[in-house]
1. For the stretch 435-516, which fully contained helices (runs of 4 or more DSSP H) count at least 2 residues that are hydroxyl-bearing (Ser, Thr, Tyr)?
2. Note down all Cβ pairs under 7 Å where the first residue falls in the stretch 25-36 and is touching a residue at least 40 places away in the same chain (Cβ under 8 Å) and closer than 18 Å to Glu189 by Cα, the second is outside any strand (DSSP E or B) and β-branched (Val, Ile, Thr), and they're at least six residues apart or on different chains.
3. I'm trying to understand the selection: among the residues of the stretch 593-616, which are in contact (Cβ under 8 Å) with a residue 12 or more places away in the chain and open to solvent by less than 100 Å² (accessible area, probe 1.4 Å)?
4. Out of all the residues in the stretch 390-411, which are open to solvent by less than 30 Å² (accessible area, probe 1.4 Å), within 23 Å of Glu470 (Cα to Cα) and more than 32 Å from the chain's Cα centre (by Cα)?
5. Got at least one residue in the stretch 373-392 being under 30 Å from Ser435 (Cα atoms) and in a strand (DSSP E or B)?
6. Only one of these conditions is not met by Ile496: (1) within 18 Å of Asp219 (Cα to Cα); (2) out of contact with any His (no Cβ under 7 Å at 6 or more places or on another chain); (3) at pLDDT below 85. Which number is it?
7. Quick check: is even one residue across the stretch 89-109 at pLDDT below 85, within 25 Å of the chain's Cα centre (by Cα) and either assigned to a helix (DSSP H, G or I) or among the β-branched types (Val, Ile, Thr) (or both)?
8. So Val444 fits all but one of (1) out of contact with any strand residue (DSSP E or B) (no Cβ under 6 Å at 6 or more places or on another chain); (2) modelled with pLDDT of 85 or more; (3) open to solvent by 10 Å² or more (accessible area, probe 1.4 Å); what number is the exception?
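The values are calculated or read from the model by the stated rules, or taken from the named source; none is laboratory data. Keep in mind the model is a prediction, meaning the values are calculated, not measured. So basically every Cβ, Gly included, is an ideal-geometry build from the backbone, and we count neighbours across all protein chains shown. In case anyone asks, the SASA skips ligands and DNA or RNA and just uses the protein heavy atoms, side chains included. Shrake-Rupley method; radii C 1.70, N 1.55, O 1.52, S 1.80 Å.
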Amino acid sequence: MVSIDKLRVDFGADTLFHDVSFVINDKDKIALVGKNGAGKSTLLKIIAGQMTPSSGTVSRSKETRIGYLPQVMAISDNHTVIEEAEKAFAHIDEMRRRIEGMKEELASRTDYESKEYHALIDKYSQAEELFAMNGGNTYRADIEKTLLGLGFKRDDFDRPTSEFSGGWRMRIELAKILLLKPDVLLLDEPTNHLDIESIQWLEDYLITKANAVVLVSHDRAFINNITTRTIEISCGKIYDYKVKYDQFVALRKERREQQLRAFENQQKAIADTQEFIERFRYKATKAVQVQSRIKQLEKIERIEIDDEDTSALSIRFPEAIRSGNYPVITEGLAKSYGDHLVFSGVDITIRRGEKVALVGKNGEGKSTFVKCLMAEIPFDGKVTIGHNVHIGYFAQNQAQLLDEDLTVFETIDNIATGDIRTKVRDILGAFMFGSDAIDKRVRVLSGGERTRLAMIRLLLQPVNLLILDEPTNHLDMRSKDVLKEAIKTFDGTAIIVSHDRDFLDGLVEKVYEFADGHVREHLGGVYDFLAKKNIEHLDELNLPRREATATPRPVEQAAGKNDYEERKLLTKKIRKIENQIKDCEQRIEALETELADIEQRLATPDGASDTSLYEKHGATKHAIEQTMEEWERLNEQLEITNKPN
């Protein structure tokens with residue numbers, strides 16, 4: 001579908017990558033990975049045709065359609081949500097106008113027997129058929145389904161896009177790209193502005209409906225569930241693995257160990273050669289050998305190792321005084337903005353040492369709840385912060401509180417104490433501040449860099465209650481691992497707002513779900529919660545409500561990530577069998593109608609003498625019997641699949 005051949009990108013004297021060649025095939029699901037700055041987003045822009053490489057080519061057929069979602073894009077604010085989404089079907093409107101024009105021409109003409117008139121009828125029929133094939137009669141339903149899947153409510157459809165945050169407007173752009181049904185989807189961090197339910201919807205869409213996908217994401221669970229091929233950009237080259245991300249991590253570790261051994265051997269050989277040259281440089285009897293060794297050194301292709309700290313870096317929060325038994329208690333907590341009720345009647349008790357997640361769709365009140373705890377906004381009801389509680393609070397605006405005159409290194413070194421001061425550079429490196437960044441002033445940092453720096457500051461402060469609002473938004477996978485381990489070993493209490501399933505997995509033991517103005521408590525980890533929610537979600541989507549309540553899915557609640565994946569596969573299997581049963585029923589109905597028509601014709605004198613009708617009658621009856629047998633087999637299979645283990 002798309003062929004990338006010997007791409008090279010230079011920025012001034014620096015080469016970002018070179019000799020990059022690979023092919024994107026039909027149905028490929030590719031994870032594009034590499035450290036920050038390796039060139040992932042640049043490569044996507046080149047494939048999308050929005051950037052020209054220094055050399056090399058990107059080839060694709062004229063029919064190949066590419067949909068590209070960048071991390072940041074300019075968004076129009078002059079339309080409603082539904083009008084903006086309908087732009088994906090501008091070609092449908094053009095087709096409709098052409099059909100209407102032909103229809104009017106046919107109505108006004110009277111040369112019914114002319115060749116031109118019949119040619120126009122044929123053209124009109126073809127246009128209508130093409131219109132139907134392109135979804136001209138169903139595209140409105142597709143738009144609504146996609147917008148609802150990405151978290152919009154029907155009430156939002158007629159609202160101006162200007163009323164929505166940048167994150168919600170990015171969802172509209174994502175909806176437009178998905179509705180175009182491109183042959184190749186290029187997605188650069190698509191989950192940054194999505195909640196857990198929308199991420200799951202997008203995940204299912206990409207698995208079941210998308211064609212080829214090239215995906216850049218720091219959401220490990222998301223890319224591991226979707227992709228089956230991993231392309232890594234490292235040291236300006238690419239390494240193509242035909243495996244999922246988790247398998248790639250293991251294979252990459254093996255490759256790196258081999259690279260290190262080869263690098264060490266090469267360095268030893270270079271050192272030996274240089275020693276020989278220096279020893280015999282001025283001896284006439286060795287002049288030929290010295291020149292030969294010099295030429296050998298010049299020809300050596302130096303092995304490069306990606307600049308990465310492979311040591312197990314761990315950070316522990318400094319010890320803090322012990323808090324009371326109940327750091328947070330809310331009683332009848334409620335919050336409204338004018339007539340809009342965010343939530344009400346929230347009674348929560350969080351015990352010392354608990355680590356809990358706040359989840360739910362965007363706009364359901366998670367961050368509002370956190371602001372109530374921090375007394376940043378007025379509210380109704382009661383919030384009690386327990387005895388001796390020292391709060392470490394992370395929100396996006398924390399980055400604005402940093403001293404802009406300090407360097408990155410000074411910002412952390414000024415608050416580090418004890419042995420941790422010897423690890424400041426390692427800690428900064430783990431959070432994507434390389435040696436070239438630690439001397440930058442805070443004032444020149446990007447928003448993402450400031451957010452990461454604020455997170456490091458929090459990690460080094462003695463607190464016993466952590467309140468973290470979307471802490472992983474600007475972190476790569478290694479940084480998230482470091483943060484996750486720090487929270488796991490933290491002996492205090494943690495309240496975490498996050499949509500990152502992999503980050504929350506194994507970290508929290510209780511989930512509070514914010515939905516429809518209420519807060520519901522779910523015991524267990526995030527995959528326990530998702531398994532339970534996914535069963536309800538699928539029932540509501542695929543079955544009439546009376547069936548959903550009468551025949552719930554017999555899938556046991558998962559006890560973790562693996563069980564969740566197994567349950568997900570089982571649900572897909574059940575759905576597939578149900579669709580096959582529906583197909584059988586439709587075929588049987590059509591065949592029975594056909595059989596009744598044949599029998600009516602056989603009852604007439606002309607039909608009774610038509611031997612071909614008897615053959616057709618027998619073939620149709622046989623087809624009904626075969627389809628009935630298939631229907632019975634599928635129902636038995638569904639019954640077996642539905643049985644609990």
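1. 477-489
2. From the stretch 25-36, the pairs are Lys29/Ile226; Lys29/Thr227; Lys29/Thr228; Ile30/Thr227; Ala31/Ile223; Ala31/Thr227.
3. Within the stretch 593-616, Glu594, Leu595, Ile598, Glu599, Leu602, Leu613, Lys616 meet the criteria.
4. Passing the criteria: only Thr411.
5. yes
6. Of the numbered conditions (1) within 18 Å of Asp219 (Cα to Cα); (2) out of contact with any His (no Cβ under 7 Å at 6 or more places or on another chain); (3) at pLDDT below 85, the odd one out for Ile496 is (3).
7. Among the residues of the stretch 89-109, at least one is at pLDDT below 85, within 25 Å of the chain's Cα centre (by Cα) and either assigned to a helix (DSSP H, G or I) or among the β-branched types (Val, Ile, Thr) (or both), which makes the answer yes.
8. Going through the list (1) out of contact with any strand residue (DSSP E or B) (no Cβ under 6 Å at 6 or more places or on another chain); (2) modelled with pLDDT of 85 or more; (3) open to solvent by 10 Å² or more (accessible area, probe 1.4 Å), Val444 breaks only (2).
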